[in-house]
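Engineer: I am attaching a structure below and will ask some questions about it afterwards.
What follows draws every value from the coordinates through simple rules; no lab data is involved. What you see is a predicted model; the values in this text were computed from it and never measured. Neighbour counts run over all protein chains shown; Cβ positions are idealised from the backbone, glycine included.
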């Protein structure tokens, strides 16, 4: 579950204290196949009527907040899927697996840089994650790498019999 940052919470409380309730509605790309309707019902407690510009500002803030939280949920779900896969492979419970690092990367192809003979991979940059998991083994910690895309496809690196390519871009690792 994603949470509001301190800054987001402060901004939300400011909006609540400042503005009266209002409904905001805008249609994006009207008449096209990719049209979208955005509706925001704001239940403020303030005394000020929000101008159309202020309503649009609040809607943009809410959209950015939603997108950030959705990315965090996707990341958490992807890491959980990798942990469950490793737990199944090792015959252990997922709680015995430590998430050592999660890094946002761009893989060189749709196969996440894991090439298997006879499998066609679209040669397109693919956004995703490199996930490093650790398990305490008999001879010390064992490290496992998983690769994922933004569509919840999660693949282990070890044991694939694949040629492994590095990502073409990476961000700062997150723990």
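Engineer: For region 34-143, just say rounded, prolate or oblate: build the C-alpha gyration tensor, square-root its eigenvalues into a ≥ b ≥ c, call rounded for a/c under 1.5, and beyond that prolate if a/b exceeds b/c, oblate if not.
Structural biologist: Values: a/c = 3.87, a/b = 1.90, b/c = 2.03.
Verdict is oblate for region 34-143.
Engineer: Another question, if that's okay. Can you sort 4, 9 by how many other beta carbons sit within 10 Å, fewest first?
Structural biologist: Values: 4 14, 9 11.
With the sparsest Cβ surroundings first, the list reads 9, 4.
Engineer: Rounded, prolate or oblate, given the Cα gyration tensor of region 94-170, with a/c below 1.5 counting as rounded?
Structural biologist: Values: a/c = 2.49, a/b = 1.67, b/c = 1.49.
It is prolate, given that a/c is not under 1.5 and a/b is the larger ratio.
Engineer: By DSSP, what percent of the beta bridges with both residues in the chain are antiparallel, rounded to the nearest 5? Walk me through the intermediate numbers first.
Structural biologist: Details: 35 of 36 bridges.
Counting only bridges with both partners in the chain, antiparallel ones make up about 95 percent.
Engineer: Neighbour counts of other C-beta atoms within 10 Å: give me 105, 43 arranged from fewest to most. Mind showing how you got there, number by number?
Structural biologist: Details: 105 22, 43 9.
Ascending Cβ contact count within 10 Å gives the list 43, 105.
Engineer: Where does the chain land at 222 nm, in deg cm²/dmol rounded to the nearest 500, when only DSSP H runs of n ≥ 4 count, each adding -39500 (n - 2.57), divided by all residues? Intermediate results must be reported in sequence, preceding the final value.
Structural biologist: On the way: 2 runs with 52 residues, N = 175.
After summing the helix terms and dividing by the residues of the chain, the value is -10500 deg cm²/dmol.
Engineer: Going by average Cβ density within 10 Å per residue, which order do the peptides 108-114, 22-28, 59-65 take, highest to lowest? Don't skip to the answer; put the middle values down first.
Structural biologist: Values: 108-114: 20.6, 22-28: 12.6, 59-65: 14.1.
Packing order, densest peptide first, comes out as 108-114, 59-65, 22-28.
Engineer: If a paramagnetic tag sat 7 Å from the Cα of residue 62 along the Cα-Cβ line, which residues of region 1-33 would have the backbone N under 12 Å from that point?
Structural biologist: 16, 21-26
Engineer: Let me ask something additional. Which value results for Rg/Rh of region 73-134 when Rg is the Cα radius of gyration and Rh the Kirkwood radius based on the inverse mean 1/r?
Structural biologist: Numbers: Rg = 13.4 Å, Rh = 12.9 Å.
My calculation of the ratio gives 1.03.
Engineer: With a ≥ b ≥ c taken as the square roots of the eigenvalues of the C-alpha gyration tensor of region 2-52, please select rounded if a/c is under 1.5 and otherwise prolate if a/b is larger than b/c or oblate if it is not?
Structural biologist: Details: a/c = 3.66, a/b = 1.60, b/c = 2.29.
Taking the square roots of the gyration eigenvalues as a ≥ b ≥ c, region 2-52 is oblate.
Engineer: Expressed as a rounded percentage, what relative contact order does region 94-170 have, with Cα pairs under 8 Å and six or more residues apart? Intermediate values should be presented prior to the final figure.
Structural biologist: Values: 161 pairs, mean separation 28.2, N = 77.
Relative contact order here is 37 percent.
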